Amino acid sequence: MEKKEFCIPFSGLKQGKHEFKYVIENEFFESFGYTDFNSTKIELKVLLNKTSTMLELELVANGIVNVACDITNEPYNQDISAELELVVKFGEVFNDDSDEILIIPHREHQVNISQYVYETIVLAVPQKRIHPGVVDGSLDSGALKRLEELQPKETKIKTEDTDPRWDALKKLITDK
């Protein structure tokens, strides 16, 4: 998926360091067909170091994605922070098999980083998404109340009702 705003034209740049800034919102992810985010507000800084033989890119993303909690399905803002270092080399044919090295043909004059931005941000979101209110107990949710109601009740077994044969077996385990 080619995103024109994420094509960095390097042919006109002098050797040395250059900085590019982007604000990434939900439309970016939707264009990849990714709909797990309710909304996003991510600032991306791309540092490009151009040398005579290669390009070194450092992508740094910080921001918030609004996602649904896996337990309660309540939406919440998840802070994310991600970094990726990418080396762009020149070769005969395009090759993006490696996660850290991209090879583009000698005739190219720009590099598209949209796929790398997408993957870096999506992978920065925790696999298990839990609302902070669930963790600290402050979230008042119908789903949480229902889960508590359905939780199995602890029952205490009366020791006088146990079979003495089992007591003998339990003793074997504890007498090691």
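The values are calculated or read from the model by the stated rules, or taken from the named source; none is laboratory data. Everything numeric in this text was worked out from a predicted model, so none of it was measured. Neighbour counts run over all protein chains shown; Cβ positions are idealised from the backbone, glycine included.
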Self-check item: Set V87, V134, V111, V117: member being assigned to a helix (DSSP H, G or I), among the β-branched types (V, I, T), at pLDDT 85 or above and surrounded by 14 or more Cβ atoms within 10 Å (Cβ to Cβ)
Solution: V117
Quiz prompt | Total residues in the range 23-45, condition under 13 Å from V117 (Cβ atoms) and touching an Asp or Glu at 6+ places or on another chain (Cβ under 7 Å) | solution = 3
Self-check item: the range 69-84 - residue that is surrounded by fewer than 17 Cβ atoms within 10 Å (Cβ to Cβ) and within 15 Å of the chain's Cα centre (by Cα) and, of those, nearest to E56 (Cα to Cα)
Solution: E83
Practice problem: Consider E100 carefully, then state whether it is free of Cβ contacts under 8 Å to residues at least 60 places away in the same chain and within 19 Å of G16 (Cα to Cα). | Solution: no
Quiz prompt | Subset of the range 41-67 [among the small types (G, A, S) and assigned to a strand (DSSP E or B)] | solution = A61, G63
Quiz item: Here is a list of conditions, (1) at pLDDT 85 or above; (2) assigned to a helix (DSSP H, G or I); (3) of a type in the set (V, I, T), and I104 meets all of them except one; can you say which number that is?
Solution: (2)
Quiz item: Is it fair to say E56 is under 19 Å from E119 (Cβ atoms) and within 18 Å of the chain's Cα centre (by Cα)?
Solution: no
Quiz prompt | Pair list, Cβ < 8 Å and 6+ apart or interchain, from the range 113-136 residues that are within 14 Å of E83 (Cα to Cα) to residues that are aromatic (F, W, Y) and in a loop (DSSP other than H, G, I, E, B) | solution = Y118/F32; Y118/Y34; V122/Y34
Quiz item: Considering the range 10-53 alone, what residues qualify as being more than 23 Å from V122 (Cα to Cα) and surrounded by 14 or more Cβ atoms within 10 Å (Cβ to Cβ)?
Solution: F10, H18, N49, K50
Quiz item: Can you name the residue in the range 154-172 that is modelled with pLDDT of 65 or more and in a loop (DSSP other than H, G, I, E, B) and, of all such residues, is surrounded by the most Cβ atoms within 10 Å (Cβ to Cβ)?
Solution: T162
